[in-house]
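Structure record follows, encoded as structure tokens.
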Amino acid sequence: MQIHSFRPKTFALISVSLALMASMLVIRAAGQTVRIDATPSHIANTFSPLSALGATLDRIPTNTTDIFFRPDQLKQMLEAGWGPISYRQNTELFVQAWHWNPKGKWSDPSGRGYFVGDATPTQDMIRHSYGYSLPHRGVTRNSGAEFDGYSRLDDGDISTYWKSNPYLTKAFTGEEDGAHPQWIVIKLAEIQIVTAIRIAWAEPYARSYTVQYWLGTGDAMDDPTNGEWKDFPAGTVSNGKGGTVTLRLSPAPLASKYVRVLMTESSNTCDTHGKADRRNCVGYAIKEVYLGTLQSDSFHDLLQHAPGQEQTFTYSSSIDPWHQPSDLYMMPDRMESGDQVGLDLFYTSGLTRGLPAMIPVSMLYGTPEDAAAQISYLKKRGYPISYIEMGEEPDGQYFTPEDYATLYLQWATALHQVDPNLKLGGPVFEGVSEDIKFWPNAEGETSWFKRFLEYLKAHGRLAELAFMSYEHYPYYDGTCQGPWSNLFKEPEILTHIVQVWRDDGLPDSVPMFNTETNAPGGDAAVDVFGALWLGETFPAFLTAGGKASYYHHAMPYSTPHPACSNSWGTYRMFTTDHHYIIKQRTSQFFATQMLTQQWAQPVDAEHRLFHAASDIKDSLEHVLVTAYAVLRPDGQWSLMLINKDYDNPHTVSITFHDEDAKKDRSFVGPVARITFGKEQYQWHSAMRDGYADPDGPAAQSTLPAGTDRYTLPPASMTVLRGRVGAP
């Protein structure tokens, strides 16, 4: 930090200015009142902590599984007090097929093809499971696969090929292939002149397809409404014959950064895997694609062809989940190649506390038979399942809503044959705060979720959506440092996105789940910022009408945040030593205990949540103190109060207003006061060896009866708990 010297007069002026600013804040917050709408008919929501306040288990490095699941390590994780667990499926983010059971059967007798895990339990317990890379991959990079793997569309190897997902063809959807067009997109490094394309088709090839260019100022993939696809003047083919085809797309130069090949009719000829399996003979396949200009008979290619991330970026609408044993992707020291913890270990370790767990099935890169086998296995073992999430982050995989929807219905059919009472849901969106947009359909609709819902309705199967799920990661500007002001945004963001899904057409009867969430990464996540964020987010989501939130994640491991290379502070409740043994609790551990064991009563019983508001604001109209009021089963009112003012305490009065009784009430008798903030905890960044000092715990005290003013320390979360006078 650079230190400046000041002249005495200048310093005096600055001191006066700061004093004036402080007085402005005090004046603006003169009311210093927190008001709870305690009217019985105005309940905001009801919940049970043992179903609404959960955590997650994500993929972990293979060499940490035995350590993290040691009883002494699990004991510390369970002390946080989280209720249900949501099992996260990381393989689909990395374009991999998940072998939830290492034992199973391949579709091809030679031992390759489409794998279905064994649904019959044995004496052997599934302790580990892994992902298998897809050899017919068409995407260089998506929001998950940013480091490993590559597209076969421009890998420079004519013997490899991309192939689309067979489950998106008429043979499985029952709809004409034109209802689910498949596509590839080429992203050039910069805007270039394009007049020709060369496609080396594999089998099956496209009989009908159109080559298009992106016209607009936005990113064609990540800003899909800020532009449009335009057909090249000579880019339409209606009687394709396969083979290697060179097309002169335009007689005049056209400039674009993105080019799309949109395929609507297949040859339905069989690929290199033979005709014994009809999945080999539907969809579309391309060996290699070239893009550039054509002068006379000379083709100038603009693409970089390479078997790795240095290739020109390509994207594909879907990927055939065909693979073979040699595609096993396992590197013990890396999370992205690590262990999807075995389902038997998951359920028998004690991590789930015996509660029903939310379980995923592989869908984007799986088969309905395998999903059905997985759930059948769990039911035969007697493991309790609360909900089933269908796939993982289709928006991040650039799936169209109609393609995801048709897979959803195919998988739903297979799963409900196992048990018609299974509760299925999705789409498991990425961490989003706004409506997700996609290229417009024929009606001009761009809302991904609205189109997904419309597809289910059109097929008379909206009831198959038992819940809606999405992830919440507030990636604001300045992620690595917080900044502190982002705390002011969180309640509004959560309320807004809940309303967005309802406005898209989600029925009021379908609950919403925030199935994976945490604060912005970097040191902020493990400093007191992370604690206050957590203490706010979970109650705020419930207040907005959500059903449950799941903290990411229960294990004491997470790689450094990708945007924060200078910090190891990230999503976790613990620090570990270099052998992954728990070393210290972070701020979010203490915040979790405040939430699950102090604010809420840790029992499976109804809690009634009421709206609360404060008039404590700064001169910029930021609400400095937010409050969440719950009437617990034990009859106590419990308030979670977040003081987001980093520098100043605030002394507040508490009013419980009953509109029906036309009466204000207050706490009577002693009040329990539990506080955690920067006075109890401070983080010291030291890369891998970052640590906290002081390191908690929360401060606890009992305030005597008659107390009518409550002091909230700066940068703190405080639970006030006691009984309220009769109406």
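Each value in this text was obtained by applying a stated rule to the coordinates, not by laboratory testing. Because the structure is predicted, anything quoted here is derived from the model rather than measured. All Cβ positions, glycine included, derive from the backbone under ideal geometry; neighbour counts span all protein chains shown.
What the table below lists for this structure:
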{"item": "Phi-based couplings in Hz for the range 382-390 (Karplus 6.51, -1.76, 1.60; Gly and Pro marked x)", "result": "x, 7, x, 10, 8, 9, 10, 8, 9"}
{"item": "Summed residue charge, Cβ within 13 Å of residue 172's Cβ, Lys/Arg positive, Asp/Glu negative", "result": "-4"}
{"item": "Diffusion coefficient, µm² s⁻¹, Stokes-Einstein with Kirkwood Rh over alpha-carbon pairs of the range 392-510 at 20 °C and 1.002 mPa s", "result": "137 µm²/s"}
{"item": "Label-point separation, residue 278 to residue 621 (7 Å along Cα→Cβ), nm", "result": "6.1 nm"}
{"item": "At R0 = 30 Å, FRET efficiency that the Cβ-Cβ distance of residue 583 and residue 125 yields, to 0.05", "result": "0.55"}
{"item": "Dimensionless Rg ratio for the range 594-727, taking C-alpha atoms and the 2.2 N^0.38 Å reference", "result": "1.15"}
{"item": "Between the range 211-261 and the range 104-167, the Cα center-to-center distance that results, in Å", "result": "29 Å"}
{"item": "Around residue 415: net Lys/Arg minus Asp/Glu count, Cβ-Cβ under 14 Å", "result": "-2"}
{"item": "Cα lying deepest toward the dipole's positive end in the range 162-316, options 258, 232, 216, charges on Cβ", "result": "232"}
{"item": "Sum of -39500 (n - 2.57) over DSSP H runs of 4+, divided by residues of the chain (222 nm, nearest 500)", "result": "-5500 deg cm²/dmol"}
{"item": "Degrees between helix 528-543 axis and first principal axis of the chain (Cα, 0 to 90, nearest 10)", "result": "80 degrees"}
{"item": "Two-site FRET efficiency, residue 668 against residue 226, from Cβ-Cβ distance with R₀ of 35 Å, rounded to 0.05", "result": "0.05"}
{"item": "Straight-distance crosslink candidates among lysines, where the alpha carbon sits under 18 Å from residue 450 and sequence neighbours closer than 8 are dropped", "result": "437"}
{"item": "Contour excess over end-to-end distance, with Cα ends at residue 682 and residue 613 and 0.36 nm allotted per residue", "result": "22.0 nm"}
{"item": "Pairwise label distance in nanometres, residue 66 with residue 192, each label 7 Å out on the Cα-Cβ vector", "result": "5.0 nm"}
{"item": "Rule-of-thumb Rg ratio for the range 162-316 [Cα; 2.2 N^0.38 Å; N residues]", "result": "1.04"}
{"item": "Exposure proxy order (Cβ contacts within 10 Å, fewest to most) of 57, 456", "result": "456, 57"}
{"item": "Nearest 10 degrees, 0 to 90: helix 448-458 Cα axis against the chain principal axis", "result": "70 degrees"}
{"item": "Debye equation applied to the C-alpha atoms of the range 523-574, log10 I(q)/I(0) at 0.26 Å⁻¹", "result": "-1.02"}
{"item": "FRET E, pair residue 110, residue 461, Förster distance 51 Å, beta-carbon r, rounded to 0.05", "result": "0.85"}
{"item": "Greater than 26 Å apart at Cα, pairs in 170/457; 275/380; 241/287; 170/275; 105/163", "result": "275/380"}
{"item": "Inter-site label distance for residue 248 and residue 176 at 7 Å from Cα along Cβ, in nm", "result": "3.2 nm"}
{"item": "Cα-based shape type of the range 589-635, given that a ≥ b ≥ c are square roots of the gyration tensor eigenvalues and the cut on a/c is 1.5", "result": "oblate"}
{"item": "Linear extension gain, residue 503 paired with residue 305, 0.36 nm per residue minus alpha-carbon span", "result": "66.8 nm"}
{"item": "The chain, relative contact order [Cα under 8 Å, separation at least 6], %", "result": "17 percent"}
